Protein chains: 2
Amino acid sequence: MAFQKIKREDDYSKWYNNLVVNADLAEHSAVRGCMVIKPYGYAIWEKMQQQLDKRFKETGHSNAYFPLFVPKSLFEAEEKNAEGFAKECAVVTHYRLKSDPNNPGKLIVDPDAKLEEELIVRPTSEAIIWSTYKNWIQSYRDLPLLINQWANVVRWEMRTRLFLRTAEFLWQEGHTAHSTRQEAIEEAERMLDVYAEFAETFLAIPVVKGVKTPNERFAGADETYTIEGMMQDGKALQMGTSHFLGQNFAKAFDVKFATKEGTQEYVWATSWGVSTRLMGALIMAHSDDEGLILPPTIAPIQVVIIPIYKGLEELETISQKVKPLQEALKKLGISVKYDDRDTQRSGWKFAEYELKGVPVRIAIGPRDLQNNTVEIARRDTKEKMSVSMDGLTETIQNLLEDIQNTIYTKAKAYQQSNIHVVNTWAEFEAALEKGGFVSAHWDGTPETEEKIKDETKATIRCIPLDTTLEEGLCILSRKPSKQRVLFARAY
Amino acid sequence: MAFQKIKREDDYSKWYNNLVVNADLAEHSAVRGCMVIKPYGYAIWEKMQQQLDKRFKETGHSNAYFPLFVPKSLFEAEEKNAEGFAKECAVVTHYRLKSDPNNPGKLIVDPDAKLEEELIVRPTSEAIIWSTYKNWIQSYRDLPLLINQWANVVRWEMRTRLFLRTAEFLWQEGHTAHSTRQEAIEEAERMLDVYAEFAETFLAIPVVKGVKTPNERFAGADETYTIEGMMQDGKALQMGTSHFLGQNFAKAFDVKFATKEGTQEYVWATSWGVSTRLMGALIMAHSDDEGLILPPTIAPIQVVIIPIYKGLEELETISQKVKPLQEALKKLGISVKYDDRDTQRSGWKFAEYELKGVPVRIAIGPRDLQNNTVEIARRDTKEKMSVSMDGLTETIQNLLEDIQNTIYTKAKAYQQSNIHVVNTWAEFEAALEKGGFVSAHWDGTPETEEKIKDETKATIRCIPLDTTLEEGLCILSRKPSKQRVLFARAY
């Protein structure tokens with residue numbers, strides 16, 4: 001394959017972009033800041049969707065669909081939310097084109113087709129959804145309302161990066177309504193747990209669960225929960241957030257319910273989402289200089305079989321051996337591809353599937369036929385082994401499990417050894433240079449948080465949920481602090 | 001339930017709208033022409049998606065995702081396509097809002113954030129996709145390219161109706177590229193067959209397969225294939241289309257490939273789509289004055305079990321009988337709901353599940369417990385029967401199959417008896433008044449087609465694929481014709 005190979009240690013950012021493009025995951029489109037998700041990338045996203053959707057339904061949620069557009073008057077109703085997104089809104093102002101009188105065959109916007117009220121392309125759907133919930137919720141009997149939506153959203157970003165930050169992205173957004181504050185908080189925490197479990201068991205990415213500081217909260221939330229992953233360059237990536245919205249949207253859209261006792265009260269809300277950003281996390285958490293490393297759970301192709309042959313007769317003999325193996329693997333729910341194309345050499349194929357992160361590669365040549373063996377190569381450790389055809393399906397099944405565990409364990413070890421506990425500013429700066437998360441005391445003020453950000457580009461990723469209270473002094477202001485928080489430079 | 005009950009014979013259109021809203025399928029949103037698809041409606045759409053997606057993958061297609069926006073210069077590249085959609089385009093002109101200096105807390109479009117080039121919200125994606133394919137296709141080895149996208153699209157409609165015609169709708173759009181004309185035509189026909197098979201076996205709606213007249217073709221297509229369903233009011237509904245696009249988009253975007261022989265040729269294209277409009281077809285093809293009638297294949301709940309009881313002790317005894325039944329049905333892949341809510345009477349529940357089209361209702365009361373029976377009611381024919389608990393799962397399984405067949409057979413009989421073959425203008429007008437499809441001779445000119453449409457509101461739905469050539473005279477012009485075509489008033 002004729003593409004530029006870049007090593008992580010030379011230019012991590014360029015390595016990432018190249019990998020996304022070369023592994024056929026996504027590419028930039030003709031529309032500024034928007035990406036095309038290519039079939040191989042989309043197949044991975046579909047697997048994420050299926051797994052998440054299953055978990056949402058198991059926790060009692062239903063899917064629905066709300067409009068792409070938000071009328072400006074609804075958009076601005078919850079002021080903090082509107083303020084938070086106003087600067088990145090794509091705005092529809094007209095609903096018709098017409099022929100350009102000065103330029104045959106070309107079109108111009110028809111000035112007679114100006115909308116009375118501008119429409120915002122949803123950057124998030126709280127406004128349109130809560131204006132709808134107003135009609136759906138009258139009584140405590142209508143609660144809880146547990147709804148999720150799979151959708152595209154648009155946030156006009158100036159600096160974009162494939163998957164990590166694009167003007168349009170795909171996501172799911174849960175929007176729930178509850179009769180009590182406590183129930184809403186429990187929901188927000190439950191969905192954070194769903195995200196964390198999904199990230200760890202399915203994407204094999206260890207995460208830290210925590211809450212954001214007020215500065216870093218979702219616009220319109222009373223509390224934002226987050227899961228933070230650590231990438232191989234030591235930077236943090238926010239992988240999913242779950243918000244306790246209090247009664248902010250209920251008040252903005254006047255959504256009240258009759259309690260059992262007959263009083264009228266504002267409804268309590270949550271929202272929570274993960275996006276195609278998870279693709280970026282998956283790529284950056286595990287891959288190496290040769291290409292993607294995909295945990296078997298998420299790999300569109302889990303096993304690839306490549307025949308090593310000279311001449312059609314040899315190929316035919318190999319294919320006859322491969323067929324029952326393929327069938328047996330499929331029966332076990334293992335996705336397997338037999339690549340017997342004669343347009344590419346086997347060396348090319350090896351590199352191709354390495355680039356695409358296929359967890360297990362099986363090569364079968366004439367010598368294997370004689371010895372009743374195959375050559376197995378695992379993508380994660382690059383180990384090769386010659387194994388017997390007897391009991392091969394079981395060997396592969398165990399191997400896939402082992403690969404999943406190994407990938408997670410490696411990422412977990414990396415994360416654990418890169419959380420630095422520091423007590424002074426000098427230690428803090430040194431730790432940031434090493435990369436990773438820095439656990440440090442902070443005085444709890446937005447001013448100090450801002451100052452640290454300005455000086456070091458590090459932000460408070462979260463106040464971890466599993467932290468214990470501990471007296472200390474803020475690394476910058478030396479004022480007293482009761483708890484460590486996690487700092488990091490982040491995507 | 002406190003809603004207005006409307007009969008089909010009194011006002012079919014109002015009956016439809018009421019049913020969509022009362023059965024919790026969808027409702028109008030705060031955005032002109034856009035709908036909210038409610039959880040129950042979306043669950044049906046999800047089942048359609050799963051089935052279609054499976055069929056697309058079985059026929060070799062992969063999913064991908066392309067941008068929501070199309071830059072104006074790309075949009076106008078294929079002139080016929082652009083002309084066809086120009087009048088219904090939502091146009092993004094700005095990318096930022098700012099605080100209204102005259103109106104604290106309100107926002108206005110920031111005039112400094114005007115886009116250099118306007119972005120069209122995709123009404124269909126040929127333009128953005130073919131501008132991308134240009135980079136993906138170099139050689140015959142890159143072909144065929146078989147891609148599908150699940151997406152939202154926007155066509156600014158002046159008169160909208162839930163599911164049938166909305167400004168934003170959900171759909172899938174297949175976009176394929178081929179090295180020969182013949183292969184592209186075969187693809188377009190294959191996907192039409194996929195749609196027809198899906199409509200008949202899954203939605204239980206018989207369809208007529210045919211090609212559109214040049215007048216009714218998709219803008220930019222050389223041939224448009226269609227499946228046309230007949231609704232209960234005799235009107236036609238176009239349920240899916242598949243287009244042979246010739247080399248029109250390849251020429252507009254300069255997409256050539258190197259043949260095996262080393263020459264450069266333009267690529268051949270197809271596109272094909274079905275949308276949430278299918279929800280409208282499903283509702284109108286089968287439902288009655290009491291509510292939805294859903295074929296079991298598409299019903300989110302296939303069996304509902306309702307306990308008839310007085311007091312908690314009786315409920316407990318019934319629930320103990322129901323539990324193993326529920327488990328046994330689930331094991332067979334039958335979706336079953338046990339509605340033991342004490343907040344609603346059983347009569348209310350009966351009406352509710354009738355309205356929602358649940359195919360099989362099982363009621364169990366104290367007398368059933370004594371007799372080892374249950375009462376089964378089927379939604380389609382409204383028959384009730386008392387059946388033994390012994391072998392109940394098998395009874396239900398057979399019943400679901402029977403319901404599916406009965407619904408299809410009924411729709412097929414209705415369709416067959418409402419295709420009127422006529423030879424004169426008087427017969428034509430009389431047949432149209434009766435409703436249904438009218439099979440008649442047409443002279444093949446767009447002028448006559450237009451005249452007939454103006455006088456009767458009937459359009460040529462299609463030239464059926466299974467038609468036989470037959471000499472005749474055009475019903476309007478009395479000019480010679482070689483083939484009958486199907487006319488109807490349509491949605």
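Please state which one of A:166, A:160 is of a type in the set (Ser, Thr, Tyr) and within 10 Å of chain B (Cβ to nearest Cβ). Explain how you work it out, then say what you get.
On the way: A:160 fails: within 10 Å of chain B (Cβ to nearest Cβ).
Residue meeting the stated conditions: A:166.
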**Request:** Report yes if residue A:152 is assigned by TED's automatic domain parsing to the domain that holds residue A:56, modelled with pLDDT of 95 or more and closer than 27 Å to residue A:49 by Cβ, otherwise no.
**Result:** yes
**Message:** β-branched (Val, Ile, Thr) and under 29 Å from residue A:235 (Cβ atoms): which single residue out of A:396, A:376, A:407 fits that description?
**Reply:** A:407
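For (1) assigned to a strand (DSSP E or B); (2) under 23 Å from residue A:237 (Cβ atoms), each residue gets a yes or a no:
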residue	(1), (2)
A:439	yes, yes
A:444	no, no
A:447	no, no
A:451	no, no
A:455	no, yes
A:461	yes, yes
A:466	no, yes
A:477	no, no
**Asked** Would region B:110-131 turn up any residue that is surrounded by fewer than 17 Cβ atoms within 10 Å (Cβ to Cβ) and within 7 Å of chain A (Cβ to nearest Cβ)?
**Response** no
**Fill in**
The residue that is farthest from residue B:208 (Cα to Cα), considering only those in region B:479-491 that are part of a strand (DSSP E or B) and more than 30 Å from the chain's Cα centre (by Cα), is B:480
**Prompt:** Can you pull out the residues in region B:33-70 that are in contact (Cβ under 8 Å) with a residue 40 or more places away in the chain and among the aliphatic types (A, V, I, L, M)?
**Reply:** B:35, B:37, B:43, B:44, B:48, B:52, B:64, B:68, B:70
**Request:** State which residue is surrounded by the fewest Cβ atoms within 10 Å (Cβ to Cβ) when the search covers only region A:351-368 and only residues that are under 11 Å from residue A:308 (Cα atoms) and among the hydrophobic types (A, V, I, L, M, F, W, C).
**Result:** A:363
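Restricting attention to region A:437-470, report how many residues are among the charged types (D, E, K, R), at pLDDT 95 or above and surrounded by fewer than 15 Cβ atoms within 10 Å (Cβ to Cβ).
In the first step, residues of region A:437-470 are kept if they are among the charged types (D, E, K, R); the result is A:443, A:447, A:449-451, A:453-455, A:457, A:461, A:466, A:470.
Adding the requirement that they be at pLDDT 95 or above leaves A:443, A:447, A:449-451, A:453-455, A:457, A:461.
Remaining after also requiring surrounded by fewer than 15 Cβ atoms within 10 Å (Cβ to Cβ): A:447, A:450-451, A:454-455, A:457.
Adding up the residues that qualify gives 6.
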**Request:** Being touching a Phe, Trp or Tyr at 6+ places or on another chain (Cβ under 8 Å) and not in a loop (DSSP other than H, G, I, E, B) is the filter; apply it to region A:55-66 and report the residue that is farthest from residue B:46 (Cα to Cα).
**Result:** A:55
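For residue A:56, state whether it is surrounded by fewer than 23 Cβ atoms within 10 Å (Cβ to Cβ) and among the aromatic types (Phe, Trp, Tyr).
The answer is yes for residue A:56.
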**Prompt:** In this structure, does residue B:98 turn out to be more than 9 Å from chain A (Cβ to nearest Cβ) and not in a loop (DSSP other than H, G, I, E, B)?
**Reply:** no
**Complete:** Residue hits (region B:283-298; of a type in the set (Ser, Thr, Tyr) and assigned to a loop (DSSP other than H, G, I, E, B)) are B:287
**Selected residue (only one of A:395, A:406 is over 21 Å from residue A:228 (Cβ atoms), assigned by TED's automatic domain parsing to the domain that holds residue A:334, of a type outside the set (Gly, Ala, Ser) and not in a strand (DSSP E or B))** = A:395
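Of all residues in region B:132-151 being closer than 20 Å to residue A:28 by Cβ and part of a helix (DSSP H, G or I), which is nearest to the other protein chains (Cβ to nearest Cβ)?
Within region B:132-151, the match that is nearest to the other protein chains (Cβ to nearest Cβ) is B:132.
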**Item:** Near pairs, Cβ below 7 angstrom, 6+ apart or cross-chain, from region B:193-211 (within 15 Å of residue B:294 (Cβ to Cβ)) to any residue that is of a type in the set (Ser, Thr, Tyr) and surrounded by fewer than 23 Cβ atoms within 10 Å (Cβ to Cβ)
**Value:** B:202/B:297; B:204/B:408
**Restricting region A:299-340 to residues that are of a type in the set (A, V, I, L, M) and assigned to a helix (DSSP H, G or I), the residue that is farthest from residue A:372 (Cα to Cα)** = A:312
**Item:** Evaluation of residue A:198 against (1) surrounded by 22 or more Cβ atoms within 10 Å (Cβ to Cβ); (2) farther than 30 Å from residue A:298 by Cα (one fails), failing number
**Value:** (2)
**Request:** Identify the residue in region B:170-185 that is of a type outside the set (Phe, Trp, Tyr) and part of a strand (DSSP E or B) and, among all such residues, is farthest from residue B:65 (Cα to Cα).
**Result:** B:178
**Message:** I'd like the full set of residues that are free of Cβ contacts under 8 Å to residues at least 24 places away in the same chain, assigned to a helix (DSSP H, G or I) and under 29 Å from the mean Cα position of the chain (by Cα), limited to region B:417-432.
**Reply:** B:417, B:431
**Request:** Could you list, in sequence order, all residues of region A:67-90 that are among the hydrophobic types (A, V, I, L, M, F, W, C), buried (at least 24 other Cβ atoms within 10 Å of the Cβ) and not in a helix (DSSP H, G or I)?
**Result:** A:68, A:69, A:70, A:89, A:90
**Request:** Check B:242, B:275 and return the single one that is closer than 30 Å to residue B:17 by Cα, of a type in the set (Ser, Thr, Tyr), in the same structural domain as residue B:49 (by TED's automatic domain parsing) and surrounded by fewer than 24 Cβ atoms within 10 Å (Cβ to Cβ).
**Result:** B:275
**Asked** Can you name the residue in region B:33-86 that is under 30 Å from residue A:98 (Cα atoms) and of a type in the set (Lys, Arg) and, of all such residues, is nearest to the other protein chains (Cβ to nearest Cβ)?
**Response** B:72
**Request:** Filter region A:23-32 down to residues that are in contact (Cβ under 8 Å) with a residue 60 or more places away in the chain and small (Gly, Ala, Ser) and give me whichever is farthest from the other protein chains (Cβ to nearest Cβ).
**Result:** A:23
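Across region B:288-333, which residue is surrounded by the most Cβ atoms within 10 Å (Cβ to Cβ) among those that are basic (Lys, Arg) and within 22 Å of residue B:43 (Cβ to Cβ)?
Among those that are basic (Lys, Arg) and within 22 Å of residue B:43 (Cβ to Cβ), it is B:330.
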**Complete:** residue A:333 vs (1) without any contact (Cβ under 8 Å) to a residue 12 or more places away in the chain; (2) touching a Gly at 6+ places or on another chain (Cβ under 7 Å); (3) not acidic (Asp, Glu): all pass except (2)
**Asked** Does residue B:160 count as modelled with pLDDT of 95 or more and hydroxyl-bearing (Ser, Thr, Tyr)?
**Response** no
**Fill in**
Counting only residues that are in a strand (DSSP E or B), crowded, with 20+ Cβ neighbours inside 10 Å and not aromatic (Phe, Trp, Tyr), region A:159-169 contains a total of 1
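The values are calculated or read from the model by the stated rules, or taken from the named source; none is laboratory data. Given the structure is predicted, the values throughout are model-derived calculations rather than measurements. Every residue, glycine as well, gets a Cβ built from its backbone with ideal geometry; the counts of neighbours run over all protein chains shown.
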